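Undergrad: Provided herewith is a single structure, encoded as structure tokens, for subsequent inquiry.
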Ligand code: PSV
Ligand code: MN
């Protein structure tokens, strides 16, 4: 049997990081539909994120994307601190500059590789000012056609750049390498899968770890298996949580397949990965193209909390007993019992005990903040990809 007060303690201590870009406009390559009230600066993104934390109590940090959030970082850190928000993971951007059409750190042109590396170094400088622990690297680098470039040589260029960045990090900082199966590269990506990311991280050293973005796999991939393997190797550094039906849809986490989210979090729970000592960053990486952004972040945070609560409710003793007895159906039933538990009353109770509203979504909607930003944020350049 699980100890309910231990489950509550774990849920109370859980931390979920928000992406600054979730608050800006986003869309597809077909159209970005702007929304009224969207932030026009990193400061306004932080203000919106603070609302999510205010009502959920478990989302006290925001990841930045550079240069989308370029600003005076010392000042931003101070302003964020005043509203209870920490600046979290720094995400590098080597995928939007014209020069990077054929790759950034794996580009055939040495001068372009140098330019990409300089941006990554700049991101480390930003970390020093924001106090961030993690530098998250996602490379759009890849090729579209067989023969376009030498796959192995590109791996050498990648390894060289990663080593230079790793070298530049302080002892307290980490390099988090994110993989993605395809897009924008349609034939090869230079970091297409967890195996490639893992191999590079192993070579770099203990402060290099892998990021699992849940939208970056082939359909049908067993993501919880990857979670288990990376946790076993001590190489899981972060999640970029989102949902997908087809490709990298970046929908609200837990919306397309809540059962998958539960299975992932169960592997995390089994490995004690929620403990702060495990140093796993639970980040959202989502784009709210058609839904209002602040409530969408609140919903995402709540979805992660619900899946975590269910994972914590698995009766691991009964599960181990069923597994030892080779009781296939019994073991599966233990897992499904937890998944089928309605944990909303438990989370409502927990919030009540913490002095939060039992229903974060309703409380936010009642607060009127959404109308205030629509009225206030008139004019200026709304944030979005590239802004
Ligand atoms: C790439 O698709 C990605 O998942 C990376 O994490 C980027 O930083 C992010 O999306 C940009 O939205
Ligand atoms: Mn991502």
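Nothing in this text is a laboratory measurement; each read-out follows from the coordinates by a stated rule. Everything numeric here is computed off the predicted structure, so don't read it as measured data. Every residue, glycine as well, gets a Cβ built from its backbone with ideal geometry; the counts of neighbours run over all protein chains shown.
Undergrad: What FRET efficiency comes out for the pair residue 187/residue 72, r = Cβ-Cβ distance, R0 = 45 Å, nearest 0.05?
TA: Efficiency computed from Cβ-Cβ geometry: 0.60.
Undergrad: Something else about it: Among DSSP beta bridges lying fully in region 15-314, give the percent that are antiparallel, nearest 5.
TA: Beta bridges within region 15-314, antiparallel portion: roughly 10 percent.
Undergrad: What is the gain in length, in nm to one decimal, between residue 225 and residue 152 on full extension, counting 0.36 nm per residue of separation less the C-alpha to C-alpha distance?
TA: Going from the current span to full extension adds 23.6 nm.
Undergrad: To the nearest 0.05, how large is the calculated FRET efficiency for residue 315 and residue 111 if R₀ is 41 Å and r is the Cβ-Cβ distance?
TA: Computed FRET efficiency for residue 315 and residue 111 comes out at 0.10.
Undergrad: Using a basic spin-label model with each label point 7 Å from the Cα along Cα→Cβ, how many nm lie between residue 121 and residue 168?
TA: My value for the distance between the label points is 0.6 nm.
Undergrad: A follow-up question, please. Please report Rg over Rh for region 18-134, where both radii come from the alpha carbon positions and Rh follows the Kirkwood definition.
TA: Here the Rg-to-Rh quotient is 1.02.
Undergrad: How high is the FRET efficiency from residue 375 to residue 30, r the C-beta distance, R0 25 Å, rounded to 0.05?
TA: Efficiency, rounded to the nearest 0.05: 0.25.
Undergrad: Just to check, using Stokes-Einstein with a Kirkwood Rh over alpha carbon pairs, what's the diffusion coefficient of region 15-314 at 20 °C and 1.002 mPa s in µm²/s?
TA: D = 110 µm²/s.
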